[in-house]
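Participant: I have a structure I would like to understand better, so I am pasting it below and will then ask my questions one at a time.
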């Protein structure tokens, strides 16, 4: 497996659209490309061996009581 | 008193006058309804006006004041972003998809403010499903900025910002996933507080991205935000992220000043793309804080470069929420919004998880910075409100701002006016603090506000 370049290409965006089975009109591809490329840049730059593995949301003390069905 | 004067009184001042029998909640509600009738034709901040309900609740508040058992919010006009469910009153989320939705229950926040005696004037325009600042193709026409009608009021709590600046309500609620309370506050020259994640319930508020969504108060002064937060804060079993952390007294410390308060300025970040006007106003604000006795220090947040990963989380979760409707009823979404939401389907599971890991690191770095200082100060937005002609370009991207990092970290963050640019548009200062330390954030904001005059200016409308 090779290390991905920092910037997602337009062709990669087109491939992702195909794989996801969604439609984005041609005139909006450049906009979506910029959006996805910028969002992914820090992820492509990270060293996945060093990042933390913590809870996804900053819930602090949100562990409310639940019954065995998960209801509060 | 002229309706223009009544439209700009704050919660504390109205409360004093109610108790002195100098003003009545019914007269104040009627004056606001008259102002809405006259001015909102231009501003378009309200989607629904609930005049009958407002007058009924004002009469109830008047009776409570006469009995002597009314709280500080009794008889105070309030309006809700149309993302908050209101029982029996249409709640659209700014969308064609929900254009006819009549909820059977109130959002928890609506219930709490009603129980506190606030008087509901109506529902305020929001950008479609609370995403972004303004896209073409919205089901409902946009609110306009009272400081310059050719400019946007910010978003997505656009109606909340515009109505407050124009004196069409005294308090409002907004929601904030990446700055949707603080952005309109900044662009409209008012005050907005995004509380700590879990501090204020989101139950009954339409979701955008549930690990980033926050709800909170908007008003014209920091004190008014504190008074509203007091009624809103607290555990709600209906919100899975709601916290059991005890609720502080948010007004008790407001008058204590900030002598010795350690204010951190993260100069290695948050200043990219900041305009000269905003930078100048921000530096002047720091000077005021120094003069008030604050201890200013530069701080570092090394992982701030990971903040753009916010978009992976936000769009990924938003797509997950909307996936079925996007596939089955795509025509009920605005064109540009639909395409931006659909971009959320383009991230992989690995990328979503990595974004959450980066978020954890950012949160840790912010906590480390806040171990050295009591609050952080930054410009809220890099520039003033853009013109409609700029943002209505379908290819206008999401604007970069200084707000999303505090959604990622879940920290309380307050936006308040700190000046005006030469174009007459407001500039805003942002304070952020430790988890559940809204009291210190509000104290810093109040001290700065009371030392300046920006919050007293009124738009030319």
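Readers should treat all values here as calculations from the given coordinates under stated rules, not as data from a laboratory. Small disclaimer: the values here were computed from a predicted structure and weren't measured. Cβ sites come from the backbone with ideal geometry, for glycine too, and all protein chains shown count toward neighbours.
Participant: Could you work out the mean projected area of the convex hull around the alpha carbons of segment B:209-274, in square nanometres to one decimal?
Facilitator: Averaged projected hull area, Cα only: 7.5 nm².
Participant: Another question, then. How high is the FRET efficiency from residue B:63 to residue B:34, r the C-beta distance, R0 25 Å, rounded to 0.05?
Facilitator: FRET efficiency, residue B:63 to residue B:34: 0.65.
Participant: Calculate the length of the line joining the C-alpha centroid of segment B:85-106 to that of segment B:13-65, in whole Å.
Facilitator: 23
Participant: Let me check against my output: what whole-number percent is the relative contact order of segment B:330-442, with C-alpha pairs under 8 Å and at least 6 apart?
Facilitator: About 28 percent, as a whole number.
Participant: Report P(r) for segment B:405-461: all Cα-Cα distances, bin width 10 Å, range 0 to the bin holding the largest distance, values in whole percent.
Facilitator: 22, 43, 27, 8
Participant: Moving on. What is the ratio of the Cα radius of gyration of segment B:1-83 to 2.2 N^0.38 Å, with N the residue count, to two decimals?
Facilitator: The value comes to 1.09.
Participant: Follow-up. With an 8 Å cut-off on Cα pairs and a minimum separation of 6 or more residues, tell me the relative contact order of chain B in percent.
Facilitator: In percent, rounded to a whole number, it is 17.
Participant: How big, on average over all directions, is the shadow cast by the Cα convex hull of segment B:3-456, in nm²?
Facilitator: Over all viewing directions, segment B:3-456 projects a mean Cα-hull area of 19.5 nm².
Participant: Given the Cα atoms of the protein assembly as shown, and with Rh set as the inverse mean 1/r over their pairs in the Kirkwood sense, what is Rg to Rh to two decimals?
Facilitator: 0.95
Participant: How far is it, in nm, from the label point at residue B:90 to the one at residue A:2 when both lie 7 Å from their Cα along the line to the Cβ?
Facilitator: My value for the distance between the label points is 5.6 nm.
Participant: If you consider only alpha-carbon coordinates, what radius of gyration and Dmax does segment B:112-228 have, in Å?
Facilitator: Cα only, segment B:112-228: 13.2, 38 Å (Rg, Dmax).
Participant: Still on this structure: Can you give me the C-alpha center-to-center distance between segment B:137-169 and segment B:194-240, rounded to a whole angstrom?
Facilitator: Between the Cα centres of segment B:137-169 and segment B:194-240 lies a distance of 21 Å.
Participant: I've got another one for you. Could I have the simple spin-label model distance between residue B:247 and residue B:104, label points 7 Å from Cα toward Cβ, reported in nm to one decimal?
Facilitator: 2.7
Participant: Another question about this same structure. Just to verify a number: FRET efficiency for residue B:21 and residue B:450, C-beta to C-beta distance, R0 = 25 Å, to 0.05?
Facilitator: 0.35
Participant: Sticking with the crude label model, points 7 Å out along Cα→Cβ, report the distance from residue A:30 to residue A:11 in nm, one decimal please.
Facilitator: 2.0
Participant: Now for a separate question. What translational diffusion coefficient, in µm²/s and rounded to a whole number, does the Stokes-Einstein relation yield for segment B:287-410 at 37 °C and a viscosity of 0.692 mPa s, taking the hydrodynamic radius as the Kirkwood radius over Cα pairs?
Facilitator: Estimated diffusion coefficient is 191 µm²/s.
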